[in-house]
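Just so it is clear, none of the values below were taken in a lab; they were calculated from the coordinates. Because the structure is predicted, anything quoted here is derived from the model rather than measured. Note: ideal-geometry Cβ built from the backbone for every residue, glycine included; neighbour counts use all protein chains shown.
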């Protein structure tokens, strides 16, 4: 598809003229998204078949639903790539009101697996926390873009920080600590990119870390995960809290350099917990080996690099911060998921983008990719016009 170029002249702060270009979407970014979705579906089929056959009586249960969600995701990505990203800034208040309403409604739902995180609908189970992540990114992008001169004003940041804190508070009530951790990480990066003074930033980090640790140890199940992290092979906890970590490590070790071959995983047969979800990367390592795992990691790295380039070429601060937040979100989730599976950090429930089963997560992720693609169609170029 040939790229169309529209040029608009605007003044920048230096008195020069800035040429804003309207160009085609970033094809490298789009191609990488498509590859990750396709590979993710293939690996989900392999990883989920035994577990789905045993628990659901249909080995294709997860892949069939995920394929539908992927199709809806591509539609959502296409639609979002056509909507001018600056519209979200104008609709920020309604967006945040909807998010608060959804986070309130989900607390009234029946508990599943000890948490209230889902709203059941006839054809889809909605997880509001996925929408909350994107909404917080939009909110922070708008606040930081409009007030670069106020980034040193702690009172200003505190006022808007209360909104983010309210979202985090509702998420903790579900409880969904891992999403809170992700949101805090994303906001921290956006603060630095937005111009928050590094000295003040590290001061905030010093205050925040003890709070995060206190919350982490505040629930028994999170404390148990930390205990299991130190020695998952301890006979006292091996068959309980240590099981997931231990079996993931067995799967990774069994794969070796080139893997056992697609479909040949042994650990997915009722050993690795939820092979279709949080621990799917362990099955990837077992079947595709270190080489296959590094190829997938390289695809994620390329996607994030292209996203960073799109942010750097964005025509305004809002677009740059919006893309920065989205790509940080993807990067943090990929890192935390792989770090949990490989025992770099204690276990926490974080899915692997494009790979783990989950309708709301995949559709929202694809919509976020559509937003990045829309920003990529706008390019800023400063020139001197005589």
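Each residue, residue 38 and residue 343, gets one label point 7 Å from its Cα in the Cβ direction; the gap between the two is 3.6 nm. Considering only 239, 89, 343, the Gaussian network model of the chain with Cα springs below 10 Å gives its largest mean-square fluctuation to 239. Overall size of the chain from C-alpha positions, given as principal axis extents largest first: 74, 48, 42 Å.
How large, in Å, is the range 93-141 by the Kirkwood hydrodynamic radius built from its alpha-carbon pairs? Write out the running numbers ahead of the final one.
Numbers: mean 1/r = 0.0875 Å⁻¹.
Computed over Cα pairs of the range 93-141, the Kirkwood hydrodynamic radius comes out at 11.4 Å.
Let's test the formula: R0 of 30 Å, r as the Cβ-Cβ distance of residue 226 and residue 111. What FRET efficiency results, to the nearest 0.05? Walk me through the intermediate numbers first.
Details: r = 23 Å, r/R0 = 0.77.
For R0 = 30 Å, the calculated efficiency reads 0.80.
Axis angle, to the nearest 10 degrees, between helix 243-255 and the longest C-alpha principal axis of the chain: 90 degrees.
For residue 312 and residue 209, the FRET efficiency from 1/(1 + (r/R0)^6), where r spans their Cβ atoms and R0 equals 41 Å, is about 0.85. Modelled label positions at residue 68 and residue 119, each set 7 Å beyond Cα in the direction of Cβ, lie 2.0 nm from each other.
Would you mind pulling out the separation of the Cα centroids of the range 234-290 and the range 337-359, in Å? Each part reduced to its Cα centre gives a spacing of 12 Å. Against the chain, whose longest principal axis comes from its Cα atoms, helix 27-56 is set at around 20 degrees. Protection proxy ranking, highest mean first, for peptides 156-164, 324-332, 65-73: 324-332, 65-73, 156-164, where packing is the per-residue count of other beta-carbon atoms within 10 Å, averaged. Highest mean packing first, where packing is the average number of other Cβ atoms within 10 Å per residue, the peptides 195-203, 245-253, 43-51 line up as 43-51, 245-253, 195-203.
For helix 128-146, report the angle its Cα long axis makes with the longest principal axis of the Cα atoms of the chain; keep it between 0 and 90° and round to the nearest 10°. Tilt of helix 128-146: around 30 degrees.
Run the numbers for residue 146 and residue 92: contour at 0.36 nm per residue of separation, minus the present Cα-Cα distance, in nm. Spell out each step's value before the answer.
Values: separation 54, 0.36 × 54 = 19.44 nm, distance 1.32 nm.
Answer, rounded to one decimal: 18.1 nm.
A Cα-only calculation for the range 179-332 places Rg and Dmax at 19.5, 58 Å.
Of the residues 340, 209, 186, the one that moves most in a GNM of the chain with alpha-carbon contacts below 10 Å is 209.
What's the extension gain from residue 156 to residue 262 if we count 0.36 nm per residue and subtract their Cα-Cα distance? Intermediate values should be presented prior to the final figure.
Working: separation 106, 0.36 × 106 = 38.16 nm, distance 5.35 nm.
Extra length from residue 156 to residue 262 when fully extended: 32.8 nm.
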